[in-house]
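Before any comments, here is the structure.
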Amino acid sequence: MLKTRKGFAGLLLGSLLLTTACGSNGGSEGAATGSEGQSPSASESPAASPSETPAPQAPVTIEFWYGLGGKLGENMQTLIDKFNASQQEVIVKPVVQADYSETGKKLQAAIASGGVPAAVLSSNVDWARKGYYASIDDLIAADPDFNADDVIPTFLEQGKVDGKQYFLPMYGTTQVMYYSKEALEKNGIKAEELTTWEALGEAAAKMTVKSGGKTTFYGWEPMWGADNMIDATLSKGGSILSEDGKTVTIDSAEWIDTWEQFRKWIHEDQIMRIHYGGQGWEYWYKTIDDVMKGNAAGYTGSSGDQGDLDFAKLAAMEQPGWEGVGPGKPVASAIQAGIPAKASPEQQQAAFKWFSFFMSPENTAFWSMNTGYIAVRQSALDDPAFVEYSAANPQSTIPLKQAAHASKPFQDPTGGKINDALKIAADKVQISNVPAAEALKEAQATAQRELDKLK
């Protein structure tokens, strides 16, 4: 929300006809370059006399694009400043967008114009296949200190496209449950007993306060978008595609029953509420504020919310499962970064150096402690600061525990068309009060047509 938030289901793509230049694709700032944007060879440069000392090379300056705000943005800036001060070869220049979707749209325009940044907190499988991103296998192989075996396997695997590594995981995310300790205690509800959605629904009804037929205090607030309802459906045994990958299955009983239950909670029972619309993460922070200001008992949100929350008032728990099915199986996904293929080789190397720094055990542990996102290196769990922090802040361990039994993110073979259909269906159910069966059957038909085009 990376954070992942709504962007978890995939970036909304703008038109490839956009031609506005949104970045810089030259060599390093202040460095001499040849006609191909590379430093002149030794044979082209004047020979230095024995008494002369070669002038130091100017650092390579690269742009890093990312859509993070609030505490996340502050923590990203902290690590960028730390990196820039740690060495003299590369300078990272942050370029901030409103959210992940805006990053994707601006990158698409930059690719069309040729003026790309060197590093982007964004990933797109379809674009990688089209050659818009650079493969980084050679950069990994050339760096003996990278230690790919230490990266959490499921996160590293998510950055591969057709067997090649195109993206690196900067941090992991999963949607967990945050609740007001006061609200639960006031109603005699124990968080450890809310292990099923049925139990959560009953608790939400008990905690909801209504006056004059209007809800004044909500028992729970799911986050806007398809993601958390997809999580609940996967936990019930639903799937997006059949095992052979030929049939879209989003109109099965598991889907309809789950989404219809959410519709009922929101629109008929009015024990839950959805904030939607607005600019950037506006809807997200409105949801958080409801719980922080005492207008709701809890909400479903990103592990990355932890940097914005007051855990003197709130606590965290894993997403529930369903009665008779088992523990929840929400998605755990890596927020990934990539290197546009049109960046010069010099800038690609600089971008990889920055990514490697961010992914180091110490820095990925720092990110996890300060944001709630999941560290991407297994050795981060042994970082002394992280060990001490997790003992004092048990909420920080919830995303890690949930990730141990989580579902893998869906790789949309249609380039996002199935995810788009689910997003439209979710809006119909959550906002427009359309019956789940109607919304999902329409989405299935749309998604199936797109999948059939691949045959």
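The values are calculated or read from the model by the stated rules, or taken from the named source; none is laboratory data. Computed from a prediction, not measured in an experiment: that's the story for all the values here. Note: ideal-geometry Cβ built from the backbone for every residue, glycine included; neighbour counts use all protein chains shown. Accessible surface areas use protein heavy atoms only, side chains included; no ligands, DNA or RNA. Shrake-Rupley method; radii C 1.70, N 1.55, O 1.52, S 1.80 Å.
With respect to the conditions (1) in contact with a strand residue (DSSP E or B) (Cβ under 9 Å, 6 or more places away or on another chain); (2) of a type outside the set (Gly, Ala, Ser); (3) more than 26 Å from residue 450 (Cβ to Cβ), residue 262 falls short on a single one, namely (3). Residues in the range 147-189 that are under 22 Å from residue 131 (Cα atoms), exposed (fewer than 15 other Cβ atoms within 10 Å of the Cβ) and either among the aliphatic types (A, V, I, L, M) or within 16 Å of the chain's Cα centre (by Cα) (or both): 1 in all. The criterion of at least 2 residues that are β-branched (Val, Ile, Thr) is met, among helices (runs of 4 or more DSSP H) falling completely within the range 138-235, by 227-235. Can you tell me which residue in the range 371-393 is farthest from residue 316 (Cα to Cα), limited to those that are β-branched (Val, Ile, Thr), open to solvent by less than 60 Å² (accessible area, probe 1.4 Å) and not in a strand (DSSP E or B)? Residue satisfying both the conditions and the ranking: 376.
Every condition in (1) of a type outside the set (Lys, Arg); (2) farther than 30 Å from residue 61 by Cα; (3) touching a strand residue (DSSP E or B) at 6+ places or on another chain (Cβ under 8 Å) is met by residue 391 except one, and the failing one is (3). Can you tell me which residue is nearest to residue 411 (Cα to Cα) among those in the range 320-332 that are in contact with a Leu (Cβ under 9 Å, 6 or more places away or on another chain) and either open to solvent by less than 20 Å² (accessible area, probe 1.4 Å) or β-branched (Val, Ile, Thr) (or both)? Among those that are in contact with a Leu (Cβ under 9 Å, 6 or more places away or on another chain) and either open to solvent by less than 20 Å² (accessible area, probe 1.4 Å) or β-branched (Val, Ile, Thr) (or both), it is 331. Could you check, for the range 394-407, whether at least one of its residues is open to solvent by 40 Å² or more (accessible area, probe 1.4 Å), closer than 20 Å to residue 318 by Cβ, at pLDDT below 90 and not in a helix (DSSP H, G or I)? Checked against the condition, which is being open to solvent by 40 Å² or more (accessible area, probe 1.4 Å), closer than 20 Å to residue 318 by Cβ, at pLDDT below 90 and not in a helix (DSSP H, G or I), the range 394-407 yields at least one hit.
Taking first residues from the range 304-329 that are over 15 Å from residue 406 (Cα atoms) and partners that are assigned to a loop (DSSP other than H, G, I, E, B) and of a type outside the set (Gly, Ala, Ser), the Cβ contacts under 8 Å between residues at least 6 apart in sequence or on separate chains come to 304/1; 304/2; 304/3; 304/4; 304/373; 305/3; 311/393.
Just to check your reading of the model, which residue among 203, 141 is surrounded by fewer than 24 Cβ atoms within 10 Å (Cβ to Cβ), of a type in the set (A, V, I, L, M) and over 26 Å from residue 410 (Cβ atoms)? Exactly one of 203, 141 is surrounded by fewer than 24 Cβ atoms within 10 Å (Cβ to Cβ), of a type in the set (A, V, I, L, M) and over 26 Å from residue 410 (Cβ atoms), namely 141.
Among residues of the range 432-445 that are at positive phi, those with a beta-carbon under 9 Å from a residue that is part of a helix (DSSP H, G or I) at least six positions away or on a different chain give the pairs 433/263; 433/266; 433/267; 433/268.
Taken together, the residues in the range 59-75 that are within 14 Å of the chain's Cα centre (by Cα) and either more than 23 Å from residue 305 (Cβ to Cβ) or of a type in the set (A, V, I, L, M, F, W, C) (or both) amount to 2.
Table: residues versus (1) open to solvent by 10 Å² or more (accessible area, probe 1.4 Å); (2) in a loop (DSSP other than H, G, I, E, B).
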{"site": "337", "(1), (2)": "no, no"}
{"site": "342", "(1), (2)": "yes, yes"}
{"site": "348", "(1), (2)": "yes, no"}
{"site": "351", "(1), (2)": "no, no"}
{"site": "357", "(1), (2)": "yes, no"}
{"site": "366", "(1), (2)": "yes, no"}
{"site": "369", "(1), (2)": "yes, no"}
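Every residue in the range 288-302 that is surrounded by fewer than 22 Cβ atoms within 10 Å (Cβ to Cβ) and in contact with a strand residue (DSSP E or B) (Cβ under 8 Å, 6 or more places away or on another chain), please. The answer is 290, 292, 294, 295.
Exactly one residue out of 433, 419 is in a loop (DSSP other than H, G, I, E, B) and at pLDDT 95 or above: that is 433.
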